[in-house]
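Remarks on the structure that follows.
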Amino acid sequence: MHIIFKASNPSTSFNLLAPDGAEALHRGAADGAEFNGALPSDGIYKVQVYLTRSAARRKKMSHYTLTMTIAGGPNGATREPDFSDGTTGGPDYWQVTGLKPNDSLKMHERPALNGTIILAFSEGAILRNLGCNDQHGTRWCRVVSPEDPNVTGWVEARYLRESFNPPPLKDALVPGTHYHATGNVQCRRTANAPVLSCHFGVVRSNPGTTVVDITFPDGFQRTLYFSKGRVEAEIGVSLTTRHENDNTIVTIGENERYVIPGVILEGD
C-alpha cells in the first residue's frame, strides 16, 4: 500500500490501522505524511485522519487530500484505483469527492468551464461514467444524471473517484420532464413590480444538492443551486439569502426576489 497525505493545517495527521485494530502500521505524528509498505495480511485496513488534540480544542479546520494505491491483488494482478487520472478504461460509476466545504460540482453541457451549467452535485454523489478525455489541458468526464438517464453532461475529472456502488433510488420524475416536482413560486423582477407566480421545476441531486429552474410569465429564466445551506446562481451573479419560517428568500441585486418553500428543496 502507498499513501500520500497532504493537509492545509500542519496539525493534521493520519494513522494506518491493521484489520484487528490492535496494531498501527503507521503513526503520522511520528512517521510523517507518507506510507509505503507491505500489508501483513488480508482484511479491511482503516486510515484514521485526525487533528492534534490542541488544534481540535481550538476548533481548527483542515483541508486535506489522501491518495491511496494498492498493488499485487489476487494472482498478482494490479489495478489502478483512480481511473479519472488514467488514459484508458474507467469504472461504471464515479463518486464526487474533494470539493471544498459547501461547494458543488457543476455538470456542463460541453467540456468547458464556460459551458452551460445543467446540474450541480454535492460531495459523495454517485454518477454513471460515459468516458473521459482531455480538453485544453483539463480532464473532463461525461456522466449521466442520477435522476434521469436521458440527461448527460461533462464534469471535471479531478473531483471524481471510482465508486463500487450504483446510485441509490431517487425521487420519481414528473412524467415527460427531468424534474422531481413542478409548480409555482412567488417571484419579482424589479422593486416596483407586483409579486408574480413563476413556474418552477426542481431536480434533487444525490446527496443534498437541489437545482431549481424558475421561469417568469414573460419567459425570463433563472436557475438557483442549493447545496448544504449555500445558494448560488449563474457565474458572476451575486445574491443574498435569508430564512423566513420554512421559506428561503433569495434576493439578486436589490430587486430580483424569489420565495422558495422548504418542501421544494427537501421533497415530501
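Counting the residues of segment 45-60 that are assigned to a loop (DSSP other than H, G, I, E, B) and loosely packed, with under 12 Cβ neighbours inside 10 Å gives 2. Within segment 34-51, how many residues turn out to be within 29 Å of K100 (Cα to Cα) and either without any contact (Cβ under 8 Å) to a residue 12 or more places away in the chain or among the acidic types (D, E) (or both)? The number of residues fulfilling the criteria is 1. If I ask for residues that are among the basic types (K, R) and surrounded by fewer than 18 Cβ atoms within 10 Å (Cβ to Cβ), which ones from segment 127-154 would you list? Result: R139, single match. Taken together, the residues in segment 160-204 that are part of a loop (DSSP other than H, G, I, E, B), of a type in the set (K, R) and modelled with pLDDT of 90 or more amount to 1. Scanning segment 8-33 for residues that are under 24 Å from K100 (Cβ atoms) and part of a strand (DSSP E or B) returns T12, S13, F14. Among residues of segment 1-22 that are more than 18 Å from S41 (Cβ to Cβ) and among the small types (G, A, S), those with a beta-carbon under 7 Å from a residue that is exposed (fewer than 13 other Cβ atoms within 10 Å of the Cβ) and at pLDDT 85 or above at least six positions away or on a different chain give the pairs S8/H63.
In the set (1) in contact with an Asp or Glu (Cβ under 9 Å, 6 or more places away or on another chain); (2) in a loop (DSSP other than H, G, I, E, B); (3) modelled with pLDDT under 80, R79 fails one condition alone, (1). Residues being farther than 21 Å from A120 by Cβ and open to solvent by 60 Å² or more (accessible area, probe 1.4 Å) are represented in segment 250-259 by at least one member. Could we say that A157 is modelled with pLDDT of 90 or more, open to solvent by less than 50 Å² (accessible area, probe 1.4 Å) and in contact with a Cys (Cβ under 6 Å, 6 or more places away or on another chain) here? Yes: the conditions hold for A157.
The residues on offer are L25, L17, and the sole one that is over 28 Å from R158 (Cβ atoms) and either open to solvent by 60 Å² or more (accessible area, probe 1.4 Å) or in contact with a Pro (Cβ under 9 Å, 6 or more places away or on another chain) (or both) is L25. In segment 106-121, the qualifying residues are those that are assigned to a loop (DSSP other than H, G, I, E, B) and not small (G, A, S), and the one that is surrounded by the most Cβ atoms within 10 Å (Cβ to Cβ) is P111. Determine whether G124 is open to solvent by less than 50 Å² (accessible area, probe 1.4 Å), at pLDDT 80 or above and in a loop (DSSP other than H, G, I, E, B). Criteria met by G124. Does segment 232-245 include one or more residues that are exposed (fewer than 15 other Cβ atoms within 10 Å of the Cβ), acidic (D, E) and outside any loop (DSSP other than H, G, I, E, B)? Yes - at least one qualifying residue is present in segment 232-245.
The values are calculated or read from the model by the stated rules, or taken from the named source; none is laboratory data. Note that the structure is predicted; figures quoted are calculated from it, not measured. Cβ sites come from the backbone with ideal geometry, for glycine too, and all protein chains shown count toward neighbours. Calculation scope for accessible area: heavy atoms of the full protein, side chains included, ligands and nucleic acids excluded. Shrake-Rupley method; radii C 1.70, N 1.55, O 1.52, S 1.80 Å.
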